[in-house]
Every structure is written in C-alpha cells, then in structure tokens.
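Down below is the structure, laid out as structure tokens.
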Amino acid sequence: MSQKKSRGGGGGAAAGDDPEELSRSPLQAVLLADSFTLKFRPITLERPKVLLPLVNVPMIEYTLSWLESAGVEEVFVFCCAHALQVKEHLEKAGWTGKPTAREMAVTAVESHDAVSAGDALRVMYGRGVIHGDFVLISGDTISNMDLKDALQEHKDRRKKDPLAVMTMIIKYSKPSTLTHQTRLGNDEIVMAVDPETKELLYYEDRADSSQLYVTIDKDILASNPTLQLRNNMEDCYIDICSLEVLSLFTDNFDYQHLRRHFVKGLLVDDIMGYKIYTHEIRSSYAARIDNFRSYDTVSKDIIQRWTYPMVPDVLSFGNCQEIKLHRQGIYKASDVTLLHSAQIGANSVVGNATSIGENCEISNSVIGEGCNIGKNVLIHGSYIWDNAIIEDGCKVSNSLVCDGVHLRSGAIVEPGCILSFKVEVGKNVVVPAYSKVALLPQPSNEDSDEELEYADTNSGVTDSPRYPPFSSMRSADHPTVLSEDDDLEASETGACGVVGYIWASADTGIQEEWRQSIAPIPKDKLEELQHAASVDDDDGSEDDLNNRPAVLDRDDDSDVSAVEEDDYSKFEKEVEETFQRALDGIHQDNLILEINALRLSYNLQHVDCAGALFHSVMRGALVTAQSTNGSLLKTTADALGKWKDLLHNYTKTVDEEMEILLKFEEMCQETTKEFSPFFSKILPYLYDKEVVSEDAILRWAEEKENADESDKVFVKQSEAFILWLKEAEEEDDEE
Amino acid sequence: MDFQVVVLAGGTSEKLSPLVSKDVPKALLPVANRPVLSYVLDLLEASDLKDIIVVVEGQEAARLVGAWASSAYLDRLLVEVVAVPEDIGTAGALRAISRRLAANDVLVISGDLVTDVLPGAVAATHRRNGAAVTALLCSVPVSGPSDAASSGGKDKAKKPARLNIVGLDITRQFLLHIVSGTDVEKDVRVNKKKVRAVGEMEIRSDLMDAHLYAFKRTTLQDILEEKEAYRSIRLEVLPYLVRSQLRSSPSSGEGTTVDEIGNAAVPFNSHLQYLSQHRILAPSAFKKDLLSTGGTYRCCVYIASKSKYCHRLNSIQAYCDINRDVVGDASHLSSYSFSAQNNIIHPSSVLGSKTTIGPQCMLAEGSQLGDKCSVKRSVIGRHCRIGSNVKIVNSVVMNHVVIEDGCHIQGSVVCNNVQLQERAILKDCQVGAGYIVTAGSEHKADSLSKKVERF
C-alpha cells in the first residue's frame, strides 16, 4: 500500500510542472549484480560474474564508479547468486558498511528466489525503496557517458507525456554482415525508431536469421509516416526508468527478460500506450559484458583508454599498488619482477607481484597479481588472473585463465579456452581449442533450453560434485585432452592431462562456440560464412513476397512447388508422429482434431490428410510386423480394421479414396517396398473395409491405363480383382 | 545532354471518363485552359531536353495529340508522337518503342504530371550517381477540396493518402525498398539483408513515386526484354530493379555466372567485412561494398523538396485539385499573369452587371457572362455563354459551354459543348462532352454523359 502511495506521489510530481520538487528527489539506481545467464559458466559457479576481474579490477567497480561519477546518489545492488561474496566485496571496497567519504549510498538487496531481471525488479518494487526515476543497470556494464542529457530528456518527456516510461541508451555499432553480431559478440538488433522523437517503435533482438524479413506492423507506419529501421545500433543495457516500470513488472508477473519480455511487451501493447524512447550516445563509451567475446573486447577498450577515466592507472581498487602506463599501452605495477630478456608487447597489463621469466613473450594480454611465469612462455591475447603458475615453455593464446591455475611445463592452451579456478594442466598437455575446464563438474540437470537461462545461477550453491574433484577426468562425449607424447608423460608423473572436469559446451552447441569466444573468429569460418552469404544472395533478394509481381516468373514457380513438396513431407512426418501417439492411447477424436490442426498449419488440402494418414497406418502396421515377426499381411489387416473409422473421416469423396490408392502405390514403389508383394491382397481388403469404394478403384485403374509400363505394375497385379469389380458393376447395371 | 525523353501520354483513360473522350484524349485535357501535356513539355523545354518521344495509346488519340504538339511546339521541341495499342501498360508502351531508344539514358515521364520539379535536376542526379534508375519522389499532395465552403463530411478527418512506402539509405540517395499499389496497406516487410548492408534504413510513407524516372537505357531494355510479362513501370519494373539490387549478377539469372562472380568477389569482400568487425565503416563504404561489386544495379532517388508542387492527373479528384491549384496556390505553374484581384480575366470576355469573379479564377477569351453571376475558385474556358444569376463555385467549365439562367454549379467539371438549361443544379458532378442537362434538373455526385458513344 505504501508503495502505491509513493508511486502516486511520484507520478503526480512528474506529471505536474514542479521542477523544484523533481530535482529534490535523489537520483537512484538499481544495479543487478547477477546476469541471470549461464554465459560465464563454469567460472560463475564459484564467483559471481560481477566480481570477475576485468583488467584486474572487479567489474562491479567500474559500474559503481561510473554511477557515482554520473551523479547517482543512491544505489541498490541486487544480489542473488553468491550474494554473500558480493556483499563482502562491497564492504571491503568501502561502498557499504561504515559511513564513508563516498557521496553515493550503496545498499545491498538480497533475494534468493529471483531467477530473472523481472523477478529482481518485482522484489525491488516490494521493498518500496525507489521513489522516482531511476537508472537500471547490470553490474557488468562499463561506461563513461554523461547521464545528464539523457536524464534531462527523459524528464522533459515525462512532463509532456507521462506514458514515456523508459529511455534506453543505445550506441552505434555496426554488426558484421557475415556473422550478424556486433564486436561485443551480441546478436544483431533490428530496431525501428522515430527519427524526430526517438521513440522506439520496434525491437527485435536475437534476430532469427532464418527469418529473411523484418515485418513492421502497418499500424506503426500509419501513426509514424517516417521511421528509421536500424541494425547498426547496440543496446547498452543502461535504462532510465520511471517508477511505472517497477509496477509494470509487478502487474505482468510473466515478464522475465528486460528486452525480450518487457520492451517487446510494451511495444506490442497499445492499450496502455506506454512508450519507450532511445538516447543515442556518440562520443562516450558504454558496453555491457555479456559473453567472453565482449569480455575480450571491453578489456581491450579499457587498455586503449576508450573508457577513460575507467582505466587501470586511474581506477584503483583495494590495496593494489599503483599501476603505471608505459609506451604502447603497456601497464605495469611497480613491483613486477621482469627479466631482461622477457618481452612485453603492446597493449598488455601486468599486475602486482608478478614475476616473468626469461625469454617470455607477452602481447595483448592481461596478467593479474602474484602470478609466476616461467621461462620461454608465450602468452598472446589472453587473460591470466591472479596467482596463476605458468611453468616453462607454456603457450597460451586467446584464452582465459582464472585464479590459481597451474600450467605445468610445456602445456599448450589453444585459442578460446576457459580454465576455471585452480585447474591444473599436466606437462606437455594440449588443451584443445574452446575447451572449458573447471574443478566442479557440469551440473547434469542442465539442458540447452532457453528457459533455463533464467532458472539457474540463482541457487548460489551448486550441488556438491559426485566425484572427488581432484581427479583426472575425461568426459566421454567430448574430445579428451590430448597429450603430445602420451607414454613418456605417463611414466613421468603417473597421472597426465588435466585436473578438473572438461565441460561439454553449454547452451550454444560446439559449432557456435566460436561466436562468443575470446578467440578471434577463425578464418575458415569467415570464408564459410562468406560463401554462404554469396550463395543465398540470390534467393534472398528475389522472393520479396511483398513485391511479388502478379505474374510469376517460371523459376519462381518451380521454387514454390519445391516449397510445397517440402511442406508436404514435413506434414506427413508430423501426421505419422501424431499417429504414433494415437497408438499409445490418445482418443480418436483428439487425433482427428490434431490432424486437422496440422493440415491448417501447413495449409494443405483435405485430400492430403487422407494420404498422409493412410501412410501412417501402413507404416504402423509395418513396424508391428517387424517387431513381432508376425506376417505383414495380418498386421496390415489388423491395423486397417482398427483404424478404418479414422480413415473414413478422410475418405468422403472419390478423390480422397483415389489419393489413398495412389499413396499406397507410391509406398509400394518407393518408400516401403515391403508392401509391394501384397498389393493385390491388400486392395480387396481395403475394398471390404470400405476404405476405398469400387468407383475409386475403377477410376484408378482407368487412369493408369495410359501410363508407362512401370507404373502399371500394380494395376496388373490386381487385374483379377479389378475385373471382378467391373463384372460386379455390370451385373448391378443389368439388374 | 545525351538524354532521350519518353513521355507516356496515355490514351482515353477509363478512369477519367466522362472527361476524356474520343475527341479529347487524356493528354489534351485542359488544365487552366491548357492541355495537361503542355505542362510537361514546357518543363522539358526549360531543362533543355528537346529530344522527345510522346507515346499515346490508340491511333486516333495519337493523331490528335500529334496535331496539337506539332503546331504548339513547332521550332521549339523535337516532338515525335508514336501510337501504341491500347491497354498495354506503361512498360508495354516502353517495350513497343524500345528500339527507337539510342541515347545512354532515358528519361521516362508521365504525361499527366503537373509539377515544377525540373526533370533536368533528376537527370543530373541520375548521371552523378551513375545509377541504373533514378526515381522522382515527392511529398504526397493533400487531395480534396481545401476550403471549408464545399467540404463534404467524408473529408473531415483528412490524412494524406499513402501511395508508396519507400526505404532510403541514410544519405537519402539510394532507393532500397519500395512498396506500391495495394500492398501499401499491408504490413511492411523489409529484407534483412538490405538493412544489414546499410545498417540504417529510413522507411517513409509520406513520399510518392511521381512517375518520372531516369533509366540507363541498356538496363531498361534488358528488363523489358527479359520480363515480358511486366506491364507497369511503377508496379513491376521499378520494384524489380530495387529488389534485385543486392544480387550479384544483374541481367542473367543463371546460377553459374552468379557463382563465378560470387567467388571472385570473396577476397575483396572478406577483407572488408573482417575490418568491419573492428572498425566503423564510413558511410561511403556502403557504396563501395554493396554497389560497386559484381555489377549490381544502383537505384537512386531524387526527392523533391516539400515546397515543390507535384501532382498527377490520374483521377477526377486530381483533375479538380490541379485546376484549383494552378490558378490558386501553385499559380507559378501557369505562365499566366494574374490581375490585382488574383484572377485571370481575358480582355475579350464580357461580364454583365453585378457579376463578380472572385480570386483564384480564370475566364478565358470570348466567354460571356450575364448579370448577377458569381464565380469563385473556378476555371471557365473559351467562348462559353453564361446566362444571368449563375453561380459557379470550385468548378471547371471547359470550352463552348452554354449555361442558361439560374444554374448553380458546385465542385463539378463541365466538358466541351455541354448545354445546361435553366435552373439546372450540379453538385460534385462530371458532365461529358456535348451532354444536355435538362431545365430545372438537380444532380448530385453524378457522372453524366451521352449514351453509347463508343464501343
């Protein structure tokens, strides 16, 4: 109730023109310290994502520092997974706890049932601590933008139109035309924006590449004669929200994802008329670390100082020593032990108390604190966190190596690997590209469903591993770690390979792993995509259904029929599956209902149902015959007897009966030749059971008369029966 | 300029009946007492485009147009009038004269266009962009009577009609998407590939295709030959060109050549696209990337500024609007000089006592008006005889019309040689040539014409 009141008060103040009161309410922010995704697994099993070091500083520090510099006065940090760690960190870093010199008040809000951003906002609403406009951000966002303009715009709009509930920050970023993702590894977004008011009219993320077209509803165009359709924008996931946003989440308890549900929900719903606006930033930086590729990209941006003042030598955290910037973007802490023959290349960071041995080569990499790196080590484009031990002669490229990892001499880590906390890699072992290794086993109940993106990380504590963690583990369904010279290895250490579990690739599947990995996109992939792009250029541009001329070209026609063919076979398959379920005891009426629904969804004729259903019945009979070793003829007879009523439903006209005959013939000839010897025996049976009438049989025979010899096989086989039918008919006539 | 101009002057359009007839083909319909075709031809003359083919549907119509053009533009323009069969569509008409085209570029212009956009500007844009086609887009005109006096109830909630939906690139030079005809009322479906290629596309529904195009001759001829079934430039040829912009191979749709070109383009493209992962490409890169590889078409637009007048005479409503505008808001289009009262009254016309001619009116030579007449916002042709107590508001009266005493004409079009007997009342009517409106009759929103004149 009290929230209601405060909401009403806030709304009134916003709608009324009392700028003084508006300015008096402190600027608040909600920081989600949980990404509600699985993308940083396995690392996030042990440490929350917002505490992962980004260029040796935990991500949340960047976000909080920015919020403070942007003039936010009160921040609510919403903790979910590993809430304790987050709170400890906040206290250690001096954000919470004893009153400090900080201007910004930070409060941790803890909840363990939230499985999504939507839940988090519902909890925030329940607490009733937000009183006006607030900034919604997740704890993995790096930015240096000035919020003032965006806030002012938002407030001005609110004064004129109380329905403008949210302002989204967007930034220019053209996705690659090949991979359809931005340089942060996010999927491309297609959005439509009113060029005058900047109102968001359409939003499509996770663009389904199978869909060739963007469809804009005609009503949108009717109210906005001009709109910009853009896919060169990136969503920064920084939102300025009004209080209504929280209550909207509460009203629509099925909203989970901020974009997929909330934004789309508001855009589609024209009854309430809530509006979302965009604010484009041009010169400042804003990016969210959503996956490993963006981790890599943002790290590089920080090193190259695009995020100034959020750079290593300005932003310091905890008790770490001062880091100095040297030429070529090399950052070094003061007490690094670096041998003379070691080379540190451009754009690298070396943390405190790290020692680097002879003849090492390090380039484009970040090395944390207290690492011990031996001789002749090659590190390229990688991120080594704190206290890692890398022995002589190791090679690490484009990988992420967490705290306490131990690479024994000669180990090679190929591009795209993630070695989670305290993993050990044996001597001369090669960790293959894109492996994910952790001491904790992969939770087994996980599957690749989209829904589960929300229903995870929340638990905070994972199940204790079923196996003792320190065991040399090889997962069966994954390429195991290869040792370069296995026998030698085994004799020396007894146990070779890796200490830890190798995770099967999680939600995306191995072939997509390269998309969001730290490693650059492999060349062959690019070529593949290039080729694919040039191939589907032609069909893509031609079949603009919207503009399809009244008279079709000939090649278009063939396309269409091919599509139909394809549709039909799909339909047939689906009918067969449905029928299979019917065998398990679904009621016949429901079956009919389902088949009819299928027919509608595939836009097919009633006739097609008869064929497909008959096909399914016969297949069923065949399967039974094969599994029970019974005679095919008998099982067929049984099946037809059992399902004749069902078939009757679809054999109302002679045409449909003909279809069954033709289908039967086709099956005998092509797909299920098992039936061919019995054709002439099954045909009379079909007649007996009144599945097909004599009219249909005679017409079929008639039609086949002029066909090729090969087509007449079955007519000939059943000649006797047809003759009998004809005579019977004549007799009937005579009578 | 190496430009050939094709003026598609139409024939005796059904849509405009009863205004057009055998004697008055569409091209010769008077707009402010000048044939509509003269507006286009004057415009071409002003742009120094003098090599003109006028295509007319039907032999008889062509003869009439030819006779008029040769006398009116003698020594000024090189006008050749060509007759084509009726109802073959705009693309069909072009196909019929395709062999006469020889210049590098062809300007195709509809004969019913009344505009002050110089075709020369479109042609220049076309040349500058090296485009395969350049289309003139202009703001959708607000149709219907503009003044409150005659506004019917249906025009109350007036919104500019949506005629086209176009997709433009950020520089508004390239035409990336076009929807015309009945599809404009449907949802808009834009090929994602195009959005990806340009990054940003502006979709506008407030522009219309003015039916003035500059084509590259070879492209035009290829399409006309290849797509024999295409009948309309606006509905078929232009959308086809726009659609196939992204294709690797322009003219031949065979798979093999596409593959060769596609493969050949790989090294260049992959390099570019690899770069684009890490660097923001300049807008000009689009031009390079999309338009210069593999011999693709380039479809461009020339967008007329909002202040320009652009209207097509393709309906009766449009006819009324254009007549009103040419003597009214867009008076610079007519080469007449207006009097202080903002109207044009020919010195040879005779006005009775207490007869008033309001502003934005035109009275042509030899017409006579009786006493106590009132003419507002109307055009009256040559040698009309108008009785006393006649009111003419928002109407067009063509030549040699006889209007007897006490008639009221409002929002109507009265063609040549019509006779309106006493006290006839017309409201929102069209009266075909030679028709006799009986005394005292009252018509509302009617189309009157002589029965069975043609078959």
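The values are calculated or read from the model by the stated rules, or taken from the named source; none is laboratory data. All values derive from a computational prediction rather than experimental measurement. Cβ atoms come from the backbone with ideal geometry, glycine included; neighbour counts cover every protein chain shown. Ligands, DNA and RNA are stripped out before the accessible areas are found, and what is left, the full protein with its side chains, is counted by its heavy atoms. Shrake-Rupley method; radii C 1.70, N 1.55, O 1.52, S 1.80 Å.
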**Asked** Can you spot a residue in the range A:528-537 that is charged (D, E, K, R), modelled with pLDDT under 55 and assigned to a helix (DSSP H, G or I)?
**Response** yes
**Identity of the residue in the range A:611-637, over 17 Å from A:Y650 (Cβ atoms) and of a type in the set (A, V, I, L, M), that ends up most open to solvent (accessible area, probe 1.4 Å)** = A:V623
**Asked** For the range B:182-190, does any single residue satisfy the condition of being of a type outside the set (D, E, K, R), within 7 Å of chain A (Cβ to nearest Cβ) and not in a strand (DSSP E or B)?
**Response** no
**Asked** Within the group B:S353, B:S339, which residue is surrounded by fewer than 13 Cβ atoms within 10 Å (Cβ to Cβ) and at pLDDT 85 or above?
**Response** B:S353
**Asked** For the range A:355-403, what are the residues that are within 34 Å of the chain's Cα centre (by Cα) and among the hydroxyl-bearing types (S, T, Y)?
**Response** A:S363, A:S365, A:S382, A:Y383, A:S397, A:S399
**Request:** Please find, among A:K716, A:K663, the residue that is touching a helix residue (DSSP H, G or I) at 6+ places or on another chain (Cβ under 7 Å) and either surrounded by fewer than 14 Cβ atoms within 10 Å (Cβ to Cβ) or among the charged types (D, E, K, R) (or both).
**Result:** A:K663
**Failed item in (1) more than 14 Å from chain B (Cβ to nearest Cβ); (2) under 18 Å from B:I203 (Cβ atoms); (3) among the hydroxyl-bearing types (S, T, Y), with A:S143 passing the rest** = (2)
**Prompt:** Just to be sure, is A:I240 of a type in the set (V, I, T) and more than 11 Å from chain B (Cβ to nearest Cβ)?
**Reply:** yes
**Prompt:** Among the residues of the range A:206-220, is any more than 12 Å from chain B (Cβ to nearest Cβ), within 18 Å of A:S176 (Cα to Cα) and open to solvent by 10 Å² or more (accessible area, probe 1.4 Å)?
**Reply:** yes
**Request:** Would you please name the residue that is nearest to A:K264 (Cα to Cα), looking only at residues in the range A:156-174 that are within 14 Å of another protein chain (Cβ to nearest Cβ) and crowded, with 17+ Cβ neighbours inside 10 Å?
**Result:** A:I170
**Fill in**
Filtering helices (runs of 4 or more DSSP H) wholly in the range A:576-694 for at least 2 residues that are among the β-branched types (V, I, T) and farther than 22 Å from A:K726 by Cα gives A:588-602, A:606-628, A:632-650
**Prompt:** Looking at this structure, is A:K704 in contact with an Asp or Glu (Cβ under 9 Å, 6 or more places away or on another chain) and either modelled with pLDDT under 80 or at positive phi (or both)?
**Reply:** yes
**Request:** Identify, by number, the condition in (1) over 26 Å from B:M201 (Cβ atoms); (2) touching a residue at least 24 places away in the same chain (Cβ under 8 Å); (3) within 14 Å of chain B (Cβ to nearest Cβ); (4) open to solvent by 10 Å² or more (accessible area, probe 1.4 Å) that A:T250 doesn't meet.
**Result:** (3)
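So that you can scan it fast, the table gives a plain yes or no per residue for (1) at pLDDT below 90; (2) outside any helix (DSSP H, G or I); (3) under 16 Å from the mean Cα position of the chain (by Cα); (4) within 30 Å of B:A445 (Cα to Cα):
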residue	(1), (2), (3), (4)
B:P18	yes, yes, no, yes
B:V24	yes, yes, no, yes
B:Y39	no, no, yes, yes
B:L49	yes, yes, no, no
B:I52	no, yes, no, no
B:A62	no, no, no, no
B:V82	no, yes, no, no
B:D87	yes, yes, no, yes
B:L94	no, no, no, no
**Prompt:** Has the range A:290-297 got at least one residue that is of a type in the set (F, W, Y), open to solvent by less than 20 Å² (accessible area, probe 1.4 Å) and within 33 Å of the chain's Cα centre (by Cα)?
**Reply:** yes
**Asked** Can you find even one residue in the range A:376-384 that is in contact with a Leu (Cβ under 7 Å, 6 or more places away or on another chain) and either over 23 Å from A:E513 (Cα atoms) or assigned to a strand (DSSP E or B) (or both)?
**Response** yes
**Request:** Among residues belonging to the range A:143-154 that are farther than 20 Å from A:L201 by Cα and among the charged types (D, E, K, R), point out the one that is nearest to the chain's Cα centre (by Cα).
**Result:** A:D146
**Complete:** Only one of (1) surrounded by fewer than 23 Cβ atoms within 10 Å (Cβ to Cβ); (2) in contact with a strand residue (DSSP E or B) (Cβ under 7 Å, 6 or more places away or on another chain); (3) within 30 Å of A:T197 (Cα to Cα) does not apply to A:G273, and that is (2)
**Prompt:** Only one of these conditions is not met by A:D239: (1) in contact with a helix residue (DSSP H, G or I) (Cβ under 9 Å, 6 or more places away or on another chain); (2) open to solvent by 10 Å² or more (accessible area, probe 1.4 Å); (3) at pLDDT 90 or above. Which number is it?
**Reply:** (2)
**Request:** Would you please name the residue that is nearest to the other protein chains (Cβ to nearest Cβ), looking only at residues in the range A:175-198 that are in a loop (DSSP other than H, G, I, E, B), of a type in the set (D, E) and buried (at least 18 other Cβ atoms within 10 Å of the Cβ)?
**Result:** A:E188
